[in-house]
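Just so it is clear, none of the values below were taken in a lab; they were calculated from the coordinates. In this text the structure is predicted, and so the values were computed from the model without any measurement. Ideal geometry is used to build each Cβ from the backbone, glycine not excepted, and the neighbour counts take in all protein chains shown.
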Amino acid sequence: MINLEAKFIIKLDCMSESGQTGYVALTSDMYFTCSSGLAPAKMYPTQTNHGTKDKFYYLVKDDTATQQLGDFCCRWTVVIAAAIAAAGIVTGGAALVLLAAVAVAASAALCGGLAAPFRKWVGYSTLNAYGRKDAYSLTSKCQMTCIIGGTVTYAEGITSTWQAMIYTARNTGWAVLEGAMLGKLGSAGFGAFAGTATPTMSTALLNFAFLNVSARGIAVVDQVGFEGILRNGKSLSETGDEVISGLTMFEQPFIQIYQKATGSNPQPLNWQDFYYAGLSLVGQRAMAESARTNPNMAVGIYKQGAQTVNALKNGKLFERVTLEGRFGLQSLFDNPVWRALWEQAKENKRNTGQENAFTRYEANMRNNRQMTNTELRNAFSTIEREFKKLASEQGVDLPEGPIHHTNWPLQRYPEHATDPKNLYPTQSTDQHLNQIHPATTQGPHPTRDPVSPQHEKPLYEYPPRPIDDNDLD
């Protein structure tokens, strides 16, 4: 049965506390979100003597558990799992699936199994009690704090399971992206965000501005669409605060710290405030690193978009470009005569009795010493010259174009700098520079940008036709 007195008390509470009737009584039919969680959830009511006409019960300060099994699903387990995967600590499809399953299970357990008893509602009035003594009622001005650092609030705009699922998917995507960035940073430092180009200062500044504008633009769309309209149930014209929040995405953590430190925000400072401030600085540094080591990014994205449109028109968006299939080429490894000459060229340079670029390369590889692109290129060129000399001496015809490395730049694949599986003689310089590189690169520059992962040749081991004594006859 509806308790009219309770509803009247709540309305009075709203007016006395805030001077307006904008607050609503919280019930078991409403969704809530946690700033450290992934999924919206409904709260489980401990009072069953005061309800709405639809038989949903009003919430009180003791209602800290949710109705769903996975609770709010702690986002930090997903961030950590994504970081582990991005750092390469766990590899392989089965291992990654297991890691994801563990992350989801830990996420649900950490919230529902452990955190609920330690949560605490704040901001309620002690004038309103439901049923038993001290069972104070809750309104939409109330918040619930969590020991992990999250804040649980009423999500006015989320009213259905589908809306909750959309909001969960969005939160999960951001958590995975955050973990991936942290994992890359941990495994490779800021070099993980760097390219291979050396642009001018003006291009680097344009890149940095482009990245900032793009990031803030995405943040505005995200904040307006998911926080303003979906979560808070606002109309588009009411989302000014979300627009500002998105435009100042990198400054927001520092604004929050200032507001909490000066008391303008009643919430206490916690570890998340400083974590996100640090993450903001990492994001800016990563953009600066990428800006100074990549060619014009706006142009590159335009060209990539054009290539994608063309691929869609041709129905070949996911087709891997192979040098054998697209250009009719053959690797040194797959041609027994070429392979025999290449291996003989290596052996000749090993046995000159004098140090050369190739012997230094092999010594450095044995000692795990990092080499420059020039050192790797010199080692390759030393063998290439010997290879062509042997071919000329023995009357072996070779294609006239340069030898193409299928996986480049060399510093990323030093172990394959002279690997015949990775080397393809081309028909001409034009085919090499103006056809092969543009068709397989992932950036706008045809030679400095690396090959796209979609088109990268897998350097697996396979049994070739063996070299015999007749190959060089």
For the chain, the charge dipole (Cβ of Lys, Arg +1; Cβ of Asp, Glu -1; about the Cα centre) points to a positive end, and the Cα of T27, I80, A103 closest to that extreme belongs to T27
Mean separation of Cα pairs under 8 Å and 6+ residues apart, divided by the residue count of the chain: what relative contact order is that in percent? 12
Give the long-range amide H neighbours of N49: residues separated by 5 or more places, or on another chain, with amide H under 5 Å away, using H modelled in the peptide plane at 1.01 Å from N. none
Taking the alpha-carbon centroid of each part, what is the distance from the range 145-209 to the range 362-413 in angstrom? 40
Give me, ordered by chain and number, the residues 5 or more places off T441 or on other chains with an amide H under 5 Å from its own placed amide H. S452
Please arrange V24, V213 by counting, for each residue, the other beta carbons lying within 10 Å of its beta carbon, fewest first. V213, V24
Cα atoms only: what Rg and Dmax, in Å, come out for the chain? 30.9, 104
Exposure proxy order (Cβ contacts within 10 Å, fewest to most) of S452, S428: S428, S452
Nearest-20 debye value, the chain charge dipole, Cβ charges on Lys, Arg, Asp, Glu: 1080
Work out the FRET efficiency for K55 and W271 from their Cβ-Cβ distance, taking R0 = 41 Å, and round it to the nearest 0.05. 0.50
What is the spread of the Cα atoms of the range 194-294 along each of their three principal axes, largest first, in whole Å? 47, 32, 17
Give, in nm to one decimal, the length gained when the segment between S428 and T359 is fully stretched (0.36 nm per residue of separation minus the Cα-Cα distance). 21.9 nm
Dipole check, the chain, charges on Cβ (K,R +1; D,E -1), about Cα centroid: among T322, T126, L390 the Cα furthest to the positive pole belongs to T126
In whole Hz, the Karplus estimates of ³J(HN,Hα) for the range 158-174 (6.51, -1.76, 1.60; θ = phi - 60°; x where Gly or Pro) are 8, 10, 9, 5, 5, 4, 5, 5, 4, 5, 5, 4, 4, 4, 5, x, 5
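If we count other beta carbons within 10 Å of each Cβ, what is the order of S290, S331, fewest first?
Details: S290 19, S331 22.
Taking fewest neighbouring Cβ atoms as first place, the list is S290, S331.
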Which cross-chain or sequence-distant (5 or more) residues have an amide H under 5 Å from the amide H of T27, H modelled 1.01 Å from N in plane? L59
With the dipole of the chain defined by +1 on each Lys or Arg Cβ and -1 on each Asp or Glu Cβ, the option from A39, S140, H404 whose Cα lies farthest towards the positive pole is S140
Rg(Cα) / (2.2 N^0.38 Å) computed for the range 154-229, rounded to two decimals: 1.51
Run lengths n ≥ 4 of DSSP H only: what is the helix-derived mean residue ellipticity at 222 nm for the chain, with -39500 (n - 2.57) per run over all residues, to the nearest 500? -14500 deg cm²/dmol
